[in-house]
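Comments concern the structure below.
The values are calculated or read from the model by the stated rules, or taken from the named source; none is laboratory data. In this text, all values refer to a predicted model and were calculated from it rather than measured experimentally. Positions of Cβ are backbone-derived with ideal geometry, glycine not excepted, and every protein chain shown enters the neighbour counts. Side chains included, ligands, DNA and RNA excluded: accessible areas come from the protein's heavy atoms. Shrake-Rupley method; radii C 1.70, N 1.55, O 1.52, S 1.80 Å.
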Amino acid sequence: MLKIAYDPIYAHPLPEGHRFPMLKYELIPEQLIHEGLITQENIFSPEILDEEIVLLTHDKHYWEQLRDLTLLSKEQRRIGFPLSAKLVERELRIAQGTIDGCHYAFNYGIAFNVAGGTHHAGTNWGEGFCLLNDQAIAANYLLDKKLATSILIIDLDVHQGNGTAQIFEHNPQVFTFSMHGANNFPSRKEKSDLDIPLPDGTNDDAYLELLDTTLPRLIDETKPDFIFYLAGADVLASDKLGKLSLSKTACKQRDLFVFEYCIKNNIPVQVSMGGGYSPDIRDIVDAHCNTYRVANELYF
């Protein structure tokens, strides 16, 4: 069964005119149900993540500033969301949803989180709409519980996974791979185990050829027993923050490549959705829903 983490808290209210498209978190499950791809049975609502699990990944002082709402104003601006108790609860539920998704992936091969992909959050900082790094938290959880010994994080959001790279910089059990826009946020990049920076305007053929030659080699070399996939929809040509030139068809083919290699190598995968900032929210939702459509076709 395709299991999907979602809770209404994901669609957190923001000040009018805010550029982050929170509405997509409501629309994705609604669209999948409307199509008959899933029912309510596929969706689960995560609990609040335990603090001790947060601290496997994030600095205690940083976490306490988030929890106690004492983060400095300049650090809140770096994140891009007004800090509130509800926002922190949202982040904890998202991270728990990614952990729960790992357990479902062990059973079904794959699981999703409607939100997550908060890859800009580092050990002791948040930025770029990311407070806690859900996939990093889940990876450290798997290692701590000895549920995995070698993890590959495939980050195909248009922005570099700088927080994820920094968190696992000295951890040989987690291989971080980020294929992203070279001239995009963040301005200061961290060093992933493998970074592929793409020039502005990279098109379908160039992108897919790079990915198709890189992924099988990576899997062969790292021999992961678990994969995290960050499936950003901000690689689309329509994305106002993206700078690449991918069609929705190519974005869907990208997802197909990832899932086919996971299936071929019998590696469970947890998928978080990452960014998407096209002016027409229908483009964002459709591109994200394509990831679910491909997974459902291949796995179920």
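What the table below lists for this structure:
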{"quantity": "Checklist (1) surrounded by fewer than 19 Cβ atoms within 10 Å (Cβ to Cβ); (2) under 23 Å from T213 (Cα atoms) applied to E297, failing item", "calculated": "(2)"}
{"quantity": "Those residues of the stretch 55-94 which are closer than 17 Å to H120 by Cβ and either of a type in the set (V, I, T) or touching a Ser or Thr at 6+ places or on another chain (Cβ under 7 Å) (or both), in sequence order", "calculated": "T57, H58, D59, I79, V88, I94"}
{"quantity": "Residue ID - nearest to the chain's Cα centre (by Cα), chosen from residues in the stretch 1-17 that are free of Cβ contacts under 8 Å to residues at least 40 places away in the same chain and part of a loop (DSSP other than H, G, I, E, B)", "calculated": "A11"}
{"quantity": "Search result, residues across the stretch 121-156 that are of a type outside the set (K, R), assigned to a loop (DSSP other than H, G, I, E, B), open to solvent by 10 Å² or more (accessible area, probe 1.4 Å) and more than 24 Å from F259 (Cα to Cα)", "calculated": "T123, N124, G128, F129"}
{"quantity": "Given (1) open to solvent by less than 40 Å² (accessible area, probe 1.4 Å); (2) over 19 Å from Y261 (Cα atoms), number of the condition L215 does not satisfy", "calculated": "(2)"}
{"quantity": "Whichever residue in the stretch 26-38 is in a helix (DSSP H, G or I) and closer than 15 Å to R282 by Cβ and, among such residues, is most open to solvent (accessible area, probe 1.4 Å)", "calculated": "H34"}
{"quantity": "From the options V269, V285, residue that is of a type in the set (A, V, I, L, M, F, W, C) and within 14 Å of A111 (Cα to Cα)", "calculated": "V269"}
{"quantity": "Complete set of residues in the stretch 51-86 that are open to solvent by 70 Å² or more (accessible area, probe 1.4 Å), at pLDDT below 95 and of a type in the set (A, V, I, L, M, F, W, C)", "calculated": "L72"}
{"quantity": "Residue that is farthest from G117 (Cα to Cα), among those in the stretch 39-78 that are part of a helix (DSSP H, G or I) and touching a strand residue (DSSP E or B) at 6+ places or on another chain (Cβ under 6 Å)", "calculated": "N42"}
{"quantity": "Of the criteria (1) at pLDDT 95 or above; (2) out of contact with any Gly (no Cβ under 8 Å at 6 or more places or on another chain), which one Q270 fails", "calculated": "(2)"}
{"quantity": "Hits in the stretch 268-283 - residues which are surrounded by 16 or more Cβ atoms within 10 Å (Cβ to Cβ) and either of a type outside the set (A, V, I, L, M, F, W, C) or farther than 15 Å from G117 by Cα (or both)", "calculated": "P268, Q270, S272, G274, G275, G276, Y277, S278, D283"}
{"quantity": "Condition check for G97: in contact with a Gly (Cβ under 8 Å, 6 or more places away or on another chain), open to solvent by less than 30 Å² (accessible area, probe 1.4 Å) and farther than 16 Å from G163 by Cβ", "calculated": "yes"}
{"quantity": "Residue pairs meeting the criteria (Cβ under 6 Å; at least 6 apart or on separate chains; first farther than 17 Å from Y299 by Cβ, in the stretch 28-40; second assigned to a helix (DSSP H, G or I))", "calculated": "I28/V285; I28/H288; Q31/V285; Q31/C289"}
{"quantity": "Condition met for D286 (among the acidic types (D, E), open to solvent by 10 Å² or more (accessible area, probe 1.4 Å) and either within 23 Å of I94 (Cβ to Cβ) or in contact with a Leu (Cβ under 7 Å, 6 or more places away or on another chain) (or both))", "calculated": "yes"}
{"quantity": "Qualifying positions in the stretch 130-184 - of a type in the set (D, E, K, R) and closer than 24 Å to P197 by Cα", "calculated": "D134, D155, D157, E169"}
